[in-house]
1. Accessible area per residue for segment 68-124 in Å², computed with a 1.4 Å probe and the full protein assembly in place, what is it?
2. Give me the percent of accessible area attributable to carbon and sulfur for the chain, probe 1.4 angstrom.
3. Could you point to the residue in Y105, S67, G117 farthest towards the positive end of the chain's charge dipole, with +1 and -1 charges on the Cβ of Lys/Arg and Asp/Glu respectively?
4. How high is the relative contact order of segment 1-116, given as a whole-number percent (alpha carbon pairs under 8 Å, six or more residues apart)?
5. Would you kindly state how much longer the chain becomes between E42 and N81 on full extension, computed as 0.36 nm times their sequence separation minus their alpha carbon distance, in nm to one decimal?
6. Along the three principal axes, how long is segment 16-75 when you take its alpha carbons, biggest first, rounded to the nearest angstrom?
7. Order 111-124, 22-35 from most to least packed using the mean count of other Cβ atoms within 10 Å.
8. If I build a Gaussian network model for the chain, linking alpha-carbon pairs within less than 10 angstrom, which residue out of G16, G40, G62 has the largest mean-square fluctuation?
Amino acid sequence: QVQLVESGGGSVQTGGSLTLSCAASGRTPMGWFRQAPGKGREFVAATSRSGGDTAIADSVKGRFTISRNNAKNTVYLKMNNLKPEDTAVYYCAARSRTLSVSYVYKLEAEYDYWGQGTQVTVSS
């Protein structure tokens, strides 16, 4: 069982920045997804168990960065140049097993554990 604790959401204006954090109870592959009102949950970013490999959705590439601190079992999502379309509930996710320490999982169905979600609101 992996427990996830998210923090860092909030409200910012267009062009602002936020950093989300997700502390896990173990070292696992992790990812961030988001769900805007009336829409399904979509992939944002993910990192391998080692942290050496990452993936970023095209919609946020160049603006968002994912990183992890393995000593703290914590993953971060640094969000720059935020836009109103980034407004959503952001969820941290973790997978219990991995094919390899460098494999990056990008599908919602591949994750076993989910955080409670944190709201990010970007106003124009």
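1. Accessible area per residue: 53 Å².
2. With neighbouring chains kept in place, the figure for the chain is 45 percent.
3. Positive-most Cα among the choices belongs to S67.
4. Relative contact order of segment 1-116: 35 percent.
5. Between E42 and N81, full extension yields an extra 12.1 nm.
6. On the principal axes, segment 16-75 reaches 36, 23, 21 Å in Cα extent.
7. Packing order, densest peptide first, comes out as 22-35, 111-124.
8. Highest fluctuation of the listed residues: G40.
The values are calculated or read from the model by the stated rules, or taken from the named source; none is laboratory data. It should be emphasised that the depicted structure is a prediction, and the values quoted were computed from it without experimental measurement. A quick note on method: Cβ atoms are made from the backbone with ideal geometry, for glycine too, and the neighbour counts reach across all protein chains shown. Please note that ligands, DNA and RNA were not included when accessible areas were found on the heavy atoms of the full protein model with its side chains. Shrake-Rupley method; radii C 1.70, N 1.55, O 1.52, S 1.80 Å.
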